[in-house]
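Participant: Sending over a structure as structure tokens; questions will come in a sec.
The values are calculated or read from the model by the stated rules, or taken from the named source; none is laboratory data. Please read these numbers as outputs of a predicted model, since none were measured by experiment. Glycine also receives a Cβ, built like all others from the backbone with ideal geometry; neighbour counts cover every protein chain displayed. Please note that ligands, DNA and RNA were not included when accessible areas were found on the heavy atoms of the full protein model with its side chains. Shrake-Rupley method; radii C 1.70, N 1.55, O 1.52, S 1.80 Å.
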Amino acid sequence: TYEEVPEALSRGMDLLGGLSKYCSGGERLLLKPNLLLGDRPERGSTTHPSFFKAVAALLQSVGVEVSYGDSPGFGSPRSAAKASGIFEVAEFLGLSLADFLNEQEVHCPEGIILKQFMVAQGVLDVDGLINLPKFKTHALTRMTGAVKNLFGCLPGVQKAGFHARLPDEMRFGEMLVDLAELLSPRLHI
């Protein structure tokens with residue numbers, strides 16, 4: 001139930017040294033849930049709205065301006081957020097849906113596989129990113145988690161192109177590590 005989530009989140013943050021270690025009031029942070037297809041929470045494929053709500057409310061309580069977004073595999077970010085229950089929570093808390101439709105080229109000179117990515121504008125418009133992945137299975141990488149969830153920071157059909165260009169799990173994984181290094185999230189929860 002939602003009532004249990006904030007307490008567990010606070011305990012976890014205390015064990016990590018406190019929220020102030022990762023952000024401060026006045027900053028603009030993006031929450032990156034896993035919205036995939038916009039499945040309902042009961043299906044287990046998207047970040048749960050109760051968890052999303054607890055993280056957003058905790059950040060707001062210390063004065064962080066919170067936005068959110070993802071580029072789902074199918075459909076628009078807004079429709080996926082609505083179907084998953086995240087949109088309703090975001091509306092209740094006054095969070096804005098970040099721009100995950102437009103993109104900008106970002107160079108990644110240390111990349112192993114890629115030296116540049118086309119990243120969603122909403123990711124680039126904030127001071128930092130907090131990743132809210134969903135631990136689940138995946139056809140190519142076998143499982144998803146923190147690093148794989150960052151793939152949703154690449155908008156539109158380019159994700160399908162990466163699956164086609166990098167069908168080998170090792171090379172695909174190296175590309176995901178390049179992306180994670182480039183985006184450098186503040187925290188994965």
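Participant: Report the calculated FRET efficiency for D168 and S79 (r = Cβ-Cβ distance, R0 = 25 Å), to the nearest 0.05. Don't skip to the end; give the middle numbers.
Facilitator: Working: r = 32 Å, r/R0 = 1.28.
It comes to 0.20.
Participant: Same structure again: Just how much of V106 is accessible, in Å², when a 1.4 Å probe is used and the result is rounded to the nearest 10?
Facilitator: So the heavy atoms of V106 present about 30 Å² to solvent.
Participant: For Y2, Y68, write out the residues from largest to smallest accessible area, computed with a 1.4 angstrom probe and no ligands counted.
Facilitator: Details: Y2 60, Y68 0 Å².
Ranked list, largest accessible area first: Y2, Y68.
Participant: Sticking with this one: Give the dimensionless ratio obtained when the Cα radius of gyration of segment 5-118 is divided by 2.2 N^0.38 Å.
Facilitator: Computed over Cα atoms of segment 5-118, the ratio equals 1.17.
Participant: If the chain between Q158 and M118 were fully stretched, how many nm would it gain, using 0.36 nm times the residue separation less the Cα-Cα distance?
Facilitator: Details: separation 40, 0.36 × 40 = 14.40 nm, distance 0.85 nm.
Between Q158 and M118, full extension yields 13.6 nm more.
Participant: So, with a 1.4 angstrom probe, what is the percent of accessible area on the chain that is carbon and sulfur?
Facilitator: Solvent-exposed carbon and sulfur of the chain make up 55 percent of the total.
Participant: Could I ask something else about it? Sorting check: for 170-183, 69-82, which peptide has the highest mean count of neighbouring beta carbons within 10 Å, and how do the rest follow?
Facilitator: 69-82, 170-183
Participant: For segment 166-189 and segment 40-117, compute the distance between their C-alpha centroids and round to whole Å.
Facilitator: Computed from Cα coordinates, the inter-centre distance equals 17 Å.
Participant: Within segment 52-69, list the residues whose amide N lies under 11 Å from a label point set 7 Å along Cα→Cβ of S24.
Facilitator: none
Participant: I would also like to ask the following. Over the chain, with the other protein chains present, what is the accessible area per residue in square angstrom, probe 1.4 angstrom? Walk me through the numbers on the way to the answer.
Facilitator: Values: 9380 Å² over 189 residues.
Accessible area per residue: 50 Å².
Participant: Could you pull out the pairs from K53/K115; K53/K159; K82/K134 whose alpha carbons sit more than 29 Å apart here?
Facilitator: On the way: K53/K115 35 Å; K53/K159 27 Å; K82/K134 17 Å.
The pairs that break the limit, which is 29 Å between Cα atoms, are K53/K115.
Participant: Ranking request for peptides 16-24, 94-102, 145-153: highest mean number of other beta-carbon atoms within 10 Å first, then the rest in descending order.
Facilitator: 145-153, 94-102, 16-24
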